[in-house]
Amino acid sequence: MAELYLVRHGQASFGAENYDELSPCGRTQSLWLGEYFAQANLRFDRIVMGTMQRHRQTADGILAALGDPQVEIAQNAGLNEYDFQALFAALGYERLPAGLSADMSATSSKKDFYKGLRHVLQLWADDRLPGRVPETWRQFQERVQRARTDIQRAGGGRVLVVSSGGPIAVIAQQVLQAPAATAIALNLQIRNSSVCQYVFNHDAMSLVSFNSVPHLEHAGRREFVTYG
């Protein structure tokens, strides 16, 4: 069986004009994860990432710490995050739960943001958002499934994949054959630069570990454990 290391990107720039860019914390998380892989002598035959800037920056940090090895790198848009801003817009900002900011991407409270996100994701999964969305929940599930199938069929002894919380949660949900509610709950728990490990072949995939941050499990690094 081949090994798959599925990594969530480092912390993005929450509240900034361009969310799709690693924060200084996110860059450090990525570098430390690469250092952990190097210390554990984990080398990758192939790297697959989404097409978002934060995916590429995370992979760059990991590769820099690994000594920038010559490795096959591919992109797959199926690994990209859903458009959370479009989901809030489809709900209608006036319908947000009481007390939440209309501009959810720039709210000063991450707690409020995640409260609103959980609400809108559940409506999206139930196909109950009143406005139009770029993709339905079913379409999101299908594109993640296609990306996972592409990765499995391409094979490789040890594969590194860099994606976002939504697709990572859906992959776990699909592998475990769990309901949509499981993907939503997992999505809100996935830590930045965390690693999920799977084993796979052409036809099957099994979960080994989920949402681990071994590179941050030091007393001096607790403040670098982030979720958004």
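The values are calculated or read from the model by the stated rules, or taken from the named source; none is laboratory data. Keep in mind it's a predicted model, so treat the numbers as computed, not measured. Reconstructed Cβ throughout: ideal geometry from the backbone, glycine too, with neighbour counts over all protein chains shown. All accessible areas refer to the heavy atoms of the entire protein, side chains included, with ligands and DNA or RNA removed. Shrake-Rupley method; radii C 1.70, N 1.55, O 1.52, S 1.80 Å.
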Problem - the chain - share of DSSP beta bridges that are antiparallel (%, nearest 5) - result: 45
Completion exercise
The answer for GLU21, listing residues at least 5 apart or on another chain whose modeled amide H is closer than 5 Å to its amide H, is SER13
Problem - Cβ-Cβ FRET estimate between ALA38 and ARG118, R0 fixed at 35 Å, reported to 0.05 - result: 0.45
Completion exercise
Taking max minus min of the Cα coordinates of the chain on each principal axis, largest first, gives extents in Å of 51, 41, 26
Exercise for the section: Give me the accessible area of ILE171, 1.4 Å probe, in Å² rounded to the nearest 10. Expected result: 10
Problem - Residues of the chain: accessible area per residue with a 1.4 Å probe, Å² - result: 46
Completion exercise
the stretch 117-155 scanned against label point 7 Å out from ALA181 along Cα→C-beta; backbone N under 11 Å for none
Exercise for the section: Provide the FRET efficiency to the nearest 0.05 for the GLU135-GLN53 pair, computing r from the beta carbons and using R0 = 25 Å. Expected result: 0.80
Completion exercise
For the chain, averaging the sequence separation of alpha carbon pairs under 8 Å that lie six or more residues apart and dividing by its residue count, the contact order in percent is 31
Practice task
May I ask for the angle, rounded to the nearest 10°, between helix 24-39 and the longest principal axis of the chain, with both axes built from Cα atoms and the value confined to 0 to 90°?
Solution key: 30
Exercise for the section: Can you pull the one-decimal nm distance between simple spin-label points at HIS218 and ASP20, each 7 Å off the Cα toward Cβ? Expected result: 3.3
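Given 0.36 nm per residue, what is the gain on full extension from GLN145 to ASP45 after removing their alpha carbon distance, in nm?
Working: separation 100, 0.36 × 100 = 36.00 nm, distance 2.19 nm.
Separation in residues times 0.36 nm, less the Cα-Cα distance, equals 33.8 nm.
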